[in-house]
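S.K.: Encoded as structure tokens, here's the structure I'll be asking about.
The values are calculated or read from the model by the stated rules, or taken from the named source; none is laboratory data. Owing to the predicted nature of the structure, the values given are computational and were not obtained by experimental measurement. Cβ placement follows ideal geometry from the backbone for every residue including glycine, while neighbour counts extend to all protein chains displayed. These area figures cover heavy atoms from the full protein model, side chains too; ligands, DNA and RNA do not enter into them. Shrake-Rupley method; radii C 1.70, N 1.55, O 1.52, S 1.80 Å.
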Amino acid sequence: MAVAALEVVGLKKVYTKSGRPLEVLDLERFTVRVGEFITVVGPSGCGKSTFLHIVGGFIKAEAGSIRVFDHEVREPGPDRGMIFQEFALFPWRTVAGNVEWGLEVQGVSKAEREAIVRKYLDIMGLTEFRDHFPAEISGGMKQRVALARVLAFDPKILLMDEPFGALDAQTREVMQEELTRLWERTGKTIVFVTHDIDEAAYLGDRVVVLTTRPARIKEEVTIKLPRPRDITVKKSVQFLEYRNRVWDLIRSEAADRRG
Ligand code: ADP
Ligand code: MG
């Protein structure tokens, strides 16, 4: 069998909240194929961010195995690139300086850094902004810089936690379309968490719907919309059927919990 980009088995996470255990994750199996674009949706507070942070190696789980390209995850590493809703750029560094940062930390030579930075600024449409500071560019631009910075590491898998959640609706759609192009161009594996169901159905090869806490996989919806997908696909009947299916799953999850 081919190696999975991500293979999670028997993952359990329990926090302690006000002195009491809070069961957050109970994932039997979560598999992502190499090159797949997976979107994850689920009720607020079900454990989506916790899940991504565990895969990122930033939080420890109580039980379970996490393998990224067949390597057990124990700590953060350059094989996994994380993108959050908050842009987390260095305000004192230029756009180019932000993208260059991780490469400096890794000890990449100046000439090589410059070539890599140029490549990803170009891919993300940032070349003309290279000498701007974060305060001088828009939210959408900042998120492009964050993406370019992570891509410069050449991670095998991108872990994205509601990355477009802080953007206005129009910028968000532009970024969604750009991300699909970037994915098609780079062949990266992406795990993308969102609470926006349209976004999940538009971006994903598969939408994984989680239950309320502790999060389990409720159902997976395979999205067989043609690629490349531009934003106009959101108007198609096929798309609406998929997003309604995901909506129904989320709604029934909420109803189940209300009993
Ligand atoms: P989501 O991203 O799906 O909204 P989170 O993973 O952020 O959910 O959080 C899941 C649950 O765990 C929430 O109830 C949250 O309050 C709780 N939680 C998150 N981080 C901690 C922590 N460090 N300690 C205790 N409880 C936490
Ligand atoms: Mg979250």
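S.K.: Among the residues of the stretch 75-118, how many are assigned to a helix (DSSP H, G or I) and modelled with pLDDT of 95 or more? Please lay out each step first, then the result.
M.R.: Taking the stretch 75-118 first, the residues assigned to a helix (DSSP H, G or I) are 95-105, 110-118.
Those left that are additionally modelled with pLDDT of 95 or more: 95-100, 110-118.
Residues in the stretch 75-118 being assigned to a helix (DSSP H, G or I) and modelled with pLDDT of 95 or more: 15 in total.
S.K.: Give the residue, chosen from S65, S49, S44, that is exposed (fewer than 13 other Cβ atoms within 10 Å of the Cβ), touching a residue at least 40 places away in the same chain (Cβ under 8 Å), polar (S, T, N, Q) and within 16 Å of ligand 2 (Cβ to nearest atom).
M.R.: Step by step, each of S65, S49, S44 is checked, and only S44 is exposed (fewer than 13 other Cβ atoms within 10 Å of the Cβ), touching a residue at least 40 places away in the same chain (Cβ under 8 Å), polar (S, T, N, Q) and within 16 Å of ligand 2 (Cβ to nearest atom).
S.K.: Say whether the condition of being more than 18 Å from the chain's Cα centre (by Cα), in the same structural domain as R216 (by TED's automatic domain parsing) and of a type in the set (V, I, T) is met by at least one residue in the stretch 20-42.
M.R.: yes
S.K.: Next up: Restricting to the stretch 119-135, give me the number of residues that are in a loop (DSSP other than H, G, I, E, B) and among the charged types (D, E, K, R).
M.R.: Of the stretch 119-135, the ones in a loop (DSSP other than H, G, I, E, B) are 124-126, 130-133.
Imposing the further condition that a residue be among the charged types (D, E, K, R) reduces the set to 130-131.
So the answer is 2.
S.K.: Turning to a different aspect of this structure: Of the conditions (1) outside the structural domain of E36 (by TED's automatic domain parsing); (2) without any contact (Cβ under 8 Å) to a residue 12 or more places away in the chain; (3) not aliphatic (A, V, I, L, M), R130 fails just one. Which one is it?
M.R.: (2)
S.K.: Under 7 Å between Cβ atoms, which residue pairs at least 6 apart in sequence (or on different chains) link something in the stretch 188-217 that is without any contact (Cβ under 8 Å) to a residue 24 or more places away in the chain and within 24 Å of E86 (Cα to Cα) with a partner that is open to solvent by less than 10 Å² (accessible area, probe 1.4 Å) and within 14 Å of ligand 1 (Cβ to nearest atom)?
M.R.: Close Cβ pairs (under 7 Å, with a partner that is open to solvent by less than 10 Å² (accessible area, probe 1.4 Å) and within 14 Å of ligand 1 (Cβ to nearest atom)) do not exist here.
S.K.: Can I ask one more? Could you please find all residues in the stretch 171-198 being crowded, with 20+ Cβ neighbours inside 10 Å, within 14 Å of ligand 2 (Cβ to nearest atom) and not β-branched (V, I, T)?
M.R.: F192
S.K.: Still on this structure, I have one more. Could you pull out every one of the strands (runs of 3 or more DSSP E) wholly within the stretch 158-259 that has 3 or more residues that are within 16 Å of ligand 1 (Cβ to nearest atom)? Walk me through it before giving the result.
M.R.: Values: elements: 189-193, 206-210, 217-222.
Per the criteria, 189-193, 206-210.
S.K.: Mind listing just one residue for me: the one in the stretch 7-35 that is surrounded by fewer than 13 Cβ atoms within 10 Å (Cβ to Cβ) and of a type in the set (K, R) and, of those, nearest to ligand 2 (Cβ to nearest atom)?
M.R.: Top of the filtered list is K17.
S.K.: Additional query: What pairs come up if the first residue lies in the stretch 89-110 and is among the hydroxyl-bearing types (S, T, Y), the second is at pLDDT 95 or above and loosely packed, with under 11 Cβ neighbours inside 10 Å, and their beta carbons are under 9 Å apart, counting only those six or more places apart or on different chains?
M.R.: Going by the 9 Å Cβ cut-off, the qualifying pairs are T94/D131.
S.K.: Still on this structure: Of (1) touching a residue at least 24 places away in the same chain (Cβ under 8 Å); (2) of a type in the set (G, A, S); (3) open to solvent by less than 60 Å² (accessible area, probe 1.4 Å), A115 satisfies all except one. Which?
M.R.: Here A115 meets the rest and fails (1).
S.K.: Could you please tell me which pairs satisfy a Cβ distance under 6 Å, a separation of 6+ or placement on different chains, a first residue in the stretch 16-41 that is over 30 Å from E184 (Cα atoms), and a second residue that is in a strand (DSSP E or B) and within 10 Å of ligand 1 (Cβ to nearest atom)?
M.R.: What qualifies is P21/V14; L22/Y15; E23/V14; V24/K13; V24/Y15; L25/K13; L25/A215.
S.K.: Can you tell me which of I123, I38 is open to solvent by less than 70 Å² (accessible area, probe 1.4 Å) and in contact with a strand residue (DSSP E or B) (Cβ under 7 Å, 6 or more places away or on another chain)? Spell out how you get there, then give the answer.
M.R.: On the way: I123 fails: in contact with a strand residue (DSSP E or B) (Cβ under 7 Å, 6 or more places away or on another chain).
None of the others qualify; the one that does is I38.
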